[in-house]
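One structure is given here, and the rest of the page talks about it.
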Amino acid sequence: MKYWQVIAVFLLGTCVGLLGIDLSSIGLKGYTLLDFVLMALIFLIGLDLGRMRLKIGHRHLRVSVVLIASTFIGSLIGGLLCYLLLKSPYAIPVALGSGWYSYTAARVFKISVRWGAIALIANMLRELLCMLLYPLTKGGLREAFISVGGATTMDTTLPIIRLHAGEETSLIAFIHGFIVTLLVPVLVEAAIELISP
Amino acid sequence: MNYSVLILMTLLLGYLLGRVVKVEKKIIERSIMVTTLLLILIIGSKFSASGAIAEGGAILRDSIIISFIASSFSVIVAILLLRIFGLGGDRT
């Protein structure tokens, strides 16, 4: 897949959204179009991994653990820096959301409407950054860049990673995204607990 | 059903089917490409329909600052840790 295709399709989607049409909200029996496309993608990636007969090795696990730690350490440092820059402690849980915008926004909305909106957009932008910039990565940076995708590397950004970095890296990305997804609620909650007066 | 469990089950179903049924690599890659582009189209529409662009001003600025700084530090830490643990390199 060419980089210009990603940008062109994203811009087309943005134009559709500006017309007031949110394609993700189109649904059937409680499931949205986004759910169907996501599940189809995950199924195809599973099919691909099964076809390759890849096995989770020591290296996959070691790289995944390092990337999970990097995602949270980097997000925490970023959150603390934003706390100083924007003069609000809410920047910390927002940054720790690691791309999981639906959960982080819903949780932060409860304490601040403004910061709930920021949590939604900031984490959505993180997903977009990964989607739009991942095709530009090369060599060793392809594994390190998985950290940008955060929780989304187990679903929405996984296909981009699979297409540009191959099956081995997509396996690492899935493990990373899955564990990050499990840890985000715990860490966001802990951060909110710490900053609450 | 929990979202993470549903995703894991779908991946597992595809994985098991992939081990049993022989499917052409090209067919899978083409299908992944088409569905990925569809996904990007949906996310693009979701992004602008959420009001993020129309919102303008302070909220968008703060969001860009947080996402950019958090992402940058995540990559920097990842590069450093992968090198420290000898897991980096030019494997592609």
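The values are calculated or read from the model by the stated rules, or taken from the named source; none is laboratory data. A quick note: this is a predicted structure, and the numbers were derived from the prediction, not measured. All Cβ positions, even for glycine, are placed from backbone atoms using ideal geometry, and neighbour counts span all protein chains on display. Accessible surface areas use protein heavy atoms only, side chains included; no ligands, DNA or RNA. Shrake-Rupley method; radii C 1.70, N 1.55, O 1.52, S 1.80 Å.
Per residue, how much accessible surface does segment A:61-100 expose to a 1.4 Å probe? Answer in Å², no decimals. Intermediate results must be reported in sequence, preceding the final value.
Values: 1520 Å² over 40 residues.
On a per-residue basis, 38 Å².
Quote the total accessible area buried by chains A and B together, excluding ligands, DNA and RNA, probe 1.4 Å, nearest 100 Å². Present the calculation step by step, with values, prior to reporting the outcome.
Working: alone 11500 and 8920 Å², together 13160 Å².
So the total buried area for this chain pair works out to about 7300 Å².
Can you tell me how much longer the chain between A:LYS110 and A:LEU194 gets when fully stretched, taken as 0.36 nm per residue apart minus their C-alpha distance, in nm with one decimal? If you can, show how the numbers build up before the last one.
Working: separation 84, 0.36 × 84 = 30.24 nm, distance 1.55 nm.
Once the chain is fully extended between A:LYS110 and A:LEU194, it gains 28.7 nm.
Which value, in Å to one decimal place, does the Kirkwood hydrodynamic radius take for segment A:1-111 when every pair of different Cα atoms is included?
Values: mean 1/r = 0.0558 Å⁻¹.
This gives a value of 17.9 Å.
To make sure I understand the rule: partners must be lysines, Cα under 23 Å from the Cα of A:LYS87, and not fewer than 8 residues away in the same chain. Which ones qualify?
Filter leaves A:LYS110.
If Lys and Arg each add +1 and Asp and Glu each add -1, what is the summed charge of the other residues whose beta carbon sits under 14 Å from the beta carbon of B:SER71?
0
Specify the residue with the greatest mean-square fluctuation among B:ARG30, B:ARG61, B:ARG19, computed from a Gaussian network of chain B linking alpha-carbon atoms under 10 Å apart.
B:ARG19
Can you give the helix-only mean residue ellipticity at 222 nm for chain A, where every DSSP H stretch with n ≥ 4 adds -39500 (n - 2.57) and the sum goes over all residues, rounded to the nearest 500 deg cm²/dmol?
Numbers: 10 runs with 146 residues, N = 197.
After summing the helix terms and dividing by the residues of chain A, the value is -24000 deg cm²/dmol.
Using a 1.4 Å probe on the protein heavy atoms, what percent of the accessible area of chain A belongs to carbon and sulfur? Walk me through the intermediate numbers first.
Values: 5760 of 7990 Å².
The C+S portion of the solvent-accessible surface of chain A is 72 percent.
Which whole-Hz couplings ³J(HN,Hα) result when phi for each residue of segment A:141-155 is put into the Karplus expression 6.51 cos²θ - 1.76 cosθ + 1.60, θ = phi - 60°, listed in order with x for Gly and Pro?
These are the phi-based 3J(HN,Hα) values: 5, 4, 6, 4, 5, 4, 4, 5, x, x, 5, 6, 6, 9, 9 Hz.
Would you mind telling me which residue in B:LEU60, B:LEU80, B:LEU39 has the biggest mean-square fluctuation in a Gaussian network model of chain B, where springs connect alpha carbons within a distance under 10 angstrom?
Greatest mean-square fluctuation among the candidates belongs to B:LEU80.
Quick check: pseudo-label points 7 Å beyond the Cα along Cα→Cβ at B:ARG30 and A:LEU12, how many nm apart are they?
Inter-label distance under the simple model: 1.8 nm.
Segment B:28-88 to segment A:35-100: how many Å between their Cα centroids?
A separation of 11 Å, based on Cα centres.
Per residue of segment A:102-114, in order, report the coupling 6.51 cos²θ - 1.76 cosθ + 1.60 (Karplus, θ = phi - 60°) as ³J(HN,Hα) in whole Hz, putting x for Gly and Pro.
5, 5, 4, 4, 4, 6, 6, 3, 5, 9, 7, 5, 4
Against the empirical 2.2 N^0.38 Å scaling, what ratio does the C-alpha Rg of chain A come to? Don't jump to the answer; show the numbers that get you there.
Working: Rg = 17.2 Å, N = 197, 2.2 N^0.38 = 16.4 Å.
Rounded to two decimals, the normalised Rg is 1.05.
Work out how much length A:LEU182 to A:VAL65 would gain on full extension: take 0.36 nm times their residue separation and subtract the Cα-Cα distance, in nm to one decimal. Display every interim value, and only then the final one.
Details: separation 117, 0.36 × 117 = 42.12 nm, distance 1.35 nm.
Extra length available between A:LEU182 and A:VAL65 comes to 40.8 nm.
Which of these, A:CYS15, A:CYS130, A:CYS82, has the largest mean-square fluctuation under a Gaussian network model of chain A (Cα springs below 10 Å)?
Maximum fluctuation in the GNM of chain A, among the listed residues, is at A:CYS15.
Using only the alpha carbons, work out the radius of gyration and Dmax of chain B in angstrom.
In Å, with Rg to one decimal and Dmax whole: 19.5, 54.
If you place +1 on the Cβ of every Lys and Arg and -1 on the Cβ of every Asp and Glu, how big does the dipole about the Cα centre of segment A:1-82 come out, in debye to the nearest 20? Intermediate results must be reported in sequence, preceding the final value.
Details: 7 positive and 3 negative charges, 104 e Å.
So the magnitude is around 500 debye.
When only DSSP loop residues count, what GluC sites (Glu not before Pro) in segment A:97-197 have their Cβ near at most 16 other Cβ atoms within 10 Å?
On the way: sites: A:GLU127, A:GLU143, A:GLU167, A:GLU168, A:GLU189, A:GLU193; in loops: none.
Counting only loop positions with at most 16 other Cβ atoms within 10 Å, none of the GluC sites (Glu not before Pro) in segment A:97-197 qualifies.
Quick one: grab the alpha carbon gyration tensor of segment A:101-196, order the square roots of its eigenvalues as a ≥ b ≥ c, and give me rounded if a/c is under 1.5, else prolate or oblate depending on whether a/b is larger than b/c. Display every interim value, and only then the final one.
On the way: a/c = 2.86, a/b = 2.02, b/c = 1.42.
Taking the square roots of the gyration eigenvalues as a ≥ b ≥ c, segment A:101-196 is prolate.
Per-residue HN-Hα couplings for segment A:10-16, Karplus 6.51 cos²θ - 1.76 cosθ + 1.60 at θ = phi - 60°, whole Hz, x for Gly and Pro?
Working through the residues one at a time gives 5, 4, 4, x, 4, 4, 4 Hz.
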